[in-house]
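Undergrad: One structure, as structure tokens, below. Some questions next.
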Amino acid sequence: MQVNYNKVQKILHEICLGNKFIKKSLFELETLIFKNSKKFDNVSSKNIFITSLPRSGTTTILNMFYDSDEYSSLTYNDLPFLMSPNLGKFLFNKKSSTEFMRPHNDGIKYSINSPEALDEVFLSTYNKEEILENFSQYINLIKLKYEKKNYLSKNNNNFNRIDLINSKIKNCFFFIPFRDPIQHANSLMTQNKNFFNLQNKDNFILKYMNYLGHYEFGKNHKSWNIPKKFIDIKDINYWLEQWLLFYKKILIEIKKFNNIYLINYENLCKDKKSFFYLLDSLKIKYSKNHHFKNTVKDISINYEKEIYDECYKLYFDLSEISKNYIK
């Protein structure tokens, strides 16, 4: 998440990302200019969609695919012209290899050339019918800029769009990582506090997250599912319940499609060869040199046993499903 912008860059972000009419106009202009450009056939492409709760390993898996140099994906270099990536290349192309540490305090570094969850700007600009009409074109424009036939997206909000994406994008694959519930819930709660503090220090961080449709943490946090019992975001039980509701919904989606793959992140860190075997069987390109790290914290927070037990029962069920296609 890049937030170290100067004043001019902040104004550009507000103009290009803060107004729905301007966003649509930029996409329409880009489509008009590049309508006769090369078309990438989605049928022969591998279109990867990584989606899950944040803090589940989605960024690490995203980088594993992206480092193979086989995928077109939005990067920080596309900001603020996310709706018109090819025009943006001429208008505001940035060149730098400087790396920054993510504000998440998780040790992950990024540069302007790093991929990020940025297609939410497009997807949240349009309604369902408009997405169905324009999403393939948008993906093609990204492929056109980066000259790779395969598409790669990390977007935690896409768990709500699996039906929609499957109905429009051919040859697509969904990878959904999950983690130990108590470790995951604690990580979510910690990041929420972290971003709340960051947004208190710099209001642009809040605006930036709103521009990009990032409502995971901080003052603009939105629940992934309507809370049933717990509403206090300072209570780990809230995050455990959100974990439970989220992955219950994923179980429903898995029964509807055969292109959704659950990834037990703890197991991935112990033995990445099993996951690589799955990708090889699907003929999906990836970087074999990628390192996966699992951070385990000593958690001594009070939690409700009933929600805790229910989470771990679901965690076991998810793990068993993930074994069905990872040998």
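Undergrad: Based on the Cβ-Cβ distance from LYS255 to LEU132, what FRET efficiency comes out when R0 is 22 Å, to the nearest 0.05?
TA: Numbers: r = 23 Å, r/R0 = 1.04.
That pair, LYS255 with LEU132, gives E of 0.45.
Undergrad: What is the helix-to-structure angle for 236-256, meaning the angle in degrees between its Cα long axis and the longest Cα principal axis of the chain, kept from 0 to 90 and rounded to the nearest 10?
TA: 70 degrees
Undergrad: How big is the stretch 7-323 by Rg and Dmax over its Cα atoms, in Å?
TA: Cα-based Rg and Dmax for the stretch 7-323 come out at 19.4, 60 Å.
Undergrad: Calculate, in nm to one decimal, what GLU28 and LYS285 gain on full extension: separation in residues at 0.36 nm each, minus their alpha carbon distance.
TA: Working: separation 257, 0.36 × 257 = 92.52 nm, distance 3.20 nm.
Here the segment from GLU28 to LYS285 would lengthen by 89.3 nm.
Undergrad: Rank these for me by crowding, TYR71, TYR66, going from fewest to most other beta carbons within 10 Å.
TA: With the fewest neighbours first, TYR71, TYR66 line up as TYR66, TYR71.
Undergrad: Further question on the same structure: Let me check against my output: what whole-number percent is the relative contact order of the chain, with C-alpha pairs under 8 Å and at least 6 apart?
TA: 23 percent
Undergrad: As a test of the formula, what do you get for the chain when each DSSP H run with n ≥ 4 contributes -39,500 (n - 2.57) and the sum is divided by the residue count, at 222 nm and rounded to the nearest 500 deg cm²/dmol?
TA: Using -39500 (n - 2.57) per qualifying helix, the result is -15000 deg cm²/dmol.
Undergrad: Taking R0 as 22 Å, what FRET efficiency do you get between SER300 and LYS234 from their Cβ-Cβ distance, rounded to the nearest 0.05?
TA: 0.85
Undergrad: Follow-up question, since we're still on this one. Once you keep just the Cα pairs under 8 angstrom separated by 6 or more residues, what percentage relative contact order results for the stretch 233-327? If you can, show how the numbers build up before the last one.
TA: Values: 51 pairs, mean separation 47.6, N = 95.
Over the stretch 233-327, the number comes to 50 percent.
Undergrad: Tell me which residues come under 5 Å, amide H to amide H, from LEU282 once H is placed; ignore anything under 5 positions away on its chain.
TA: none
Undergrad: In the chain, if the dipole is taken from +1 on Lys/Arg beta carbons and -1 on Asp/Glu beta carbons about the Cα centre, which of GLY88, ASN200, ILE301 is farthest to the positive end?
TA: It is GLY88.
Each value in this text was obtained by applying a stated rule to the coordinates, not by laboratory testing. Since this is a predicted model, take the numbers as computed values, not measurements. As a convention, Cβ positions derive from the backbone with ideal geometry for all residues, glycine included, and neighbour counts pool all protein chains shown.
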